Every structure is written in structure tokens, then in C-alpha cells.
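To start, the structure under review is shown below, and the notes come after it.
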Amino acid sequence: MFGAERGQSEVLGEVLLVGVAVVVAAVLSLGALGFGEEVDDPAPTVAESSGELVADDGRFGNQRVRIYHEAGDPVRVENVEIAVDASDACGKRGRIVNLPTNTIDADENVRGPDIFDGRTGQAKGALDDEVFAAGDVFDFRLTSGTCELDPGDRITVRVVHTPSGAVIVEARLTAN
């Protein structure tokens with residue numbers, strides 16, 4: 001009589017021990033892999049965008065970059081950076097950070113080579129607004145002193161949503 005009961009207890013004990021081991025392993029793996037952390041909000045979706053690069057309009061608007069938000073979610077300007085890759089045109093890349101601003105200050109708003117015109121008023125449109133929404137434009141100028149563009153030169157502009165790290169706008173522009 002006692003032998004049969006003891007055999008069932010051993011099986012039950014082993015099943016419980018395996019179950020406890022599985023639960024402990026699952027809890028440790030969740031902690032180690034970071035699944036227990038909060039999930040970041042997804043990046044906003046800019047469903048449609050466009051851009052233009054004006055090499056020279058005959059006035060003070062030469063080398064002007066315009067990125068248009070045509071449709072999609074509004075984006076808080078403080079949550080974006082603008083990365084410009086002009087390596088094919090002048091061998092340089094730069095980023096505009098710490099937005100919103102109406103003046104692109106080399107110390108405050110530029111990372112990488114300063115290829116941006118920092119004069120007051122050269123950063124226009126939504127660069128100094130709270131929100132970049134459908135119908136808005138990011139408008140800034142590349143300085144010809146450090147990055148001369150000729151008609152046909154190409155640059156790539158990326159608008160990066162900094163909280164998520166997602167590129168929400170990517171425009172490959174050719175100077176006209």
C-alpha cells in the first residue's frame with residue numbers, strides 16, 4: 001500500500017519541479033531579453049511627402065532645400081532631426097538638431113560638417129513651428145561656401161523621428 005502512494009508522490013513531485021523550473025526560466029529570459037520593458041510608441045506615418053532642391057533661383061534663394069509634408073500624421077518638430085547627405089555633391093553630410101529653430105546655429109543645431117546657412121531667417125516653414133503637419137514645409141539653405149551645388153547634383157534628405165529612430169521622410173533630390 002505504501003509503495004503505490006510513494007510512487008505517485010515521486011511522479012507528482014517531479015512534474016511540479018519541472019513546472020517550477022520552466023516558470024523560473026521564463027521569468028529570467030523575459031528579464032534578460034527586455035520583454036518586460038515598455039514598448040515605445042510607433043513612429044508617426046508621413047504617408048506622402050515630396051521635396052525640391054533649387055540650385056540657383058537668381059536671387060538669395062540658391063541651394064534651398066524644401067521638404068513638403070503632403071499627407072499623414074502630424075509630427076512634433078521637437079521630435080525630429082533632419083539628416084542631409086550631400087556626399088555625392090560636395091563630400092559632406094550634416095544634421096539639423098534641437099528643433100524648432102528659425103536660425104540654424106552651428107553650435108546649437110548642427111551635428112557633423114556645417115553645410116547649413118546659419119543666417120537669421122534661412123530656416124523657414126515648419127522648422128520653427130511646434131508641429132510638422134500636412135501642408136507644411138521644412139525650408140532651409142545649404143551654404144555655397146562649404147557645399148557648392150551645381151545643376152544635376154544630388155543630395156538625400158531624411159527626416160528622422162528621434163524617439164523611435166525611424167526615418168519618416170526620405171527624399172532624393174536633384175538640383176535644378
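The values are calculated or read from the model by the stated rules, or taken from the named source; none is laboratory data. Small disclaimer: the values here were computed from a predicted structure and weren't measured. Glycine also receives a Cβ, built like all others from the backbone with ideal geometry; neighbour counts cover every protein chain displayed.
Every condition in (1) in contact with a Gly (Cβ under 8 Å, 6 or more places away or on another chain); (2) within 21 Å of T45 (Cα to Cα) holds for A166 except the one numbered (1).
Only strands (runs of 3 or more DSSP E) whose full extent lies in region 124-176 are considered here, and the ones with at least 1 residues that are in contact (Cβ under 8 Å) with a residue 60 or more places away in the chain and either touching a Pro at 6+ places or on another chain (Cβ under 6 Å) or of a type in the set (G, A, S) (or both) are 166-174. Just wondering, is there one or more residues in region 152-162 that are surrounded by 14 or more Cβ atoms within 10 Å (Cβ to Cβ), under 18 Å from H69 (Cα atoms), polar (S, T, N, Q) and in contact with a Leu (Cβ under 8 Å, 6 or more places away or on another chain)? Yes. Kindly indicate whether G125 is over 25 Å from E48 (Cα atoms) and either crowded, with 17+ Cβ neighbours inside 10 Å or not basic (K, R) (or both). So G125 fails the test. Within region 50-67, does at least one residue satisfy the condition of being at pLDDT 95 or above, surrounded by 19 or more Cβ atoms within 10 Å (Cβ to Cβ) and either closer than 24 Å to P151 by Cα or basic (K, R) (or both)? Scanning region 50-67, I find at least one residue that is at pLDDT 95 or above, surrounded by 19 or more Cβ atoms within 10 Å (Cβ to Cβ) and either closer than 24 Å to P151 by Cα or basic (K, R) (or both), so the answer is yes.
Please determine whether any residue of region 71-83 is more than 18 Å from the chain's Cα centre (by Cα) and either under 20 Å from T174 (Cα atoms) or of a type in the set (S, T, N, Q) (or both).
No, that holds for no residue.
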